[in-house]
Amino acid sequence: MKINNILYIIFLFIVQISFGQTSGVKEIQGQIFEQSTVVDGVNIINNNTQVTAVSDINGMFSIVVKEGDVLVFSSVNLDPFKRRITADDLASNSLLIKMSAKEIELKEVIVNENAHITAENLGIIPHGQKKYTPAERKVYTATSTSVDKILNSISGRTAMLKKEVKIEKKEVLFRKMEYLFEENYYTDRLKIPLEHIKGFQLYCVDSPEFAVSLNTKNKTMSMFLITGLAQEYLKIIENEK
């Protein structure tokens, strides 16, 4: 009889411990966003219990938690995110998680492995000879002789060709900017509204210092200068409202 009583007391003790451990435990739902886009394939782990989950194609997930548990969210292209579960979270039975895209450091890419082979090295043109762009070549031709220079100056052709040179140089700078900075760099890092990106690019290429940084492939200087230019341009946009 005494043994039965002891076993009964031990059973009650185990039940109380188990109840204490599971008290407040609840399965809650959640959805994950990056900006306004739902994100699938995000790994979620409860740091306290090591229970895991993964968000589906709609960014939805469910996981068992209790108050005070810490959930860790991770994905290849997103910054890690932690969320401590509160009593309000348990009461609402819903979590809205907003994650941020990782900032990707821009790396310089060598497009031509034989960059040392040039027209000069091959003897096609003399060393040190100025290389003209198509628009610059037109200006050179229009002013190559005194007669051409006078006639084209009177007709306005020279002035028109010089404008073409400026436009051509800006187009080259535009292409370099497109190579260095992706669209989300403007919107996420620099906070430039999507509809103002083209206008901001025009603003940037008009900056002599920024143009030099692009032409000399000084990526560090370009990133430094574009940050300051973005702050100036955002003020311009704000003043226009």
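The values are calculated or read from the model by the stated rules, or taken from the named source; none is laboratory data. All values reported here derive from a predicted model rather than from experimental measurement. Neighbour counts run over all protein chains shown; Cβ positions are idealised from the backbone, glycine included. These accessible areas exclude ligands, DNA and RNA; they are computed on the full protein's heavy atoms, side chains included. Shrake-Rupley method; radii C 1.70, N 1.55, O 1.52, S 1.80 Å.
Consider only pairs whose beta carbons are under 6 Å apart and that are at least six residues apart or on different chains; among these, list those whose first residue lies in the stretch 35-47 and is under 21 Å from Val64 (Cβ atoms) and of a type outside the set (S, T, N, Q) and whose second residue is open to solvent by 80 Å² or more (accessible area, probe 1.4 Å) and part of a strand (DSSP E or B).
Hits for this filter: Ile45/Thr52.
Please go through the stretch 214-226 and pick out each residue that is open to solvent by less than 60 Å² (accessible area, probe 1.4 Å) and modelled with pLDDT of 85 or more.
Residues of the stretch 214-226 that are open to solvent by less than 60 Å² (accessible area, probe 1.4 Å), as a first pass: 214, 219, 222-223, 225-226.
Across the stretch 214-226, the qualifying residues are Ser222, Met223, Leu225, Ile226.
When both residues are 6+ apart or on different chains and their Cβ atoms are under 9 Å apart, which pairs have a first residue that lies in the stretch 157-181 and is at pLDDT below 60, and a second that is open to solvent by less than 30 Å² (accessible area, probe 1.4 Å) and not aliphatic (A, V, I, L, M)?
Hits for this filter: Thr158/Asn152; Ala159/Asn152; Leu161/Asn152.
For Lys235, indicate whether it is loosely packed, with under 12 Cβ neighbours inside 10 Å and either part of a loop (DSSP other than H, G, I, E, B) or modelled with pLDDT under 80 (or both).
In short, no.
Quick check on the stretch 11-27. Is at least one of its residues part of a strand (DSSP E or B), closer than 16 Å to Asp69 by Cα and modelled with pLDDT of 55 or more?
Taking the stretch 11-27 as the starting set, the residues that turn out to be part of a strand (DSSP E or B) are 26-27.
Checking the rest, the ones that are also closer than 16 Å to Asp69 by Cα come to 26-27.
Applying the additional criterion that residues be modelled with pLDDT of 55 or more yields 26-27.
Yes.
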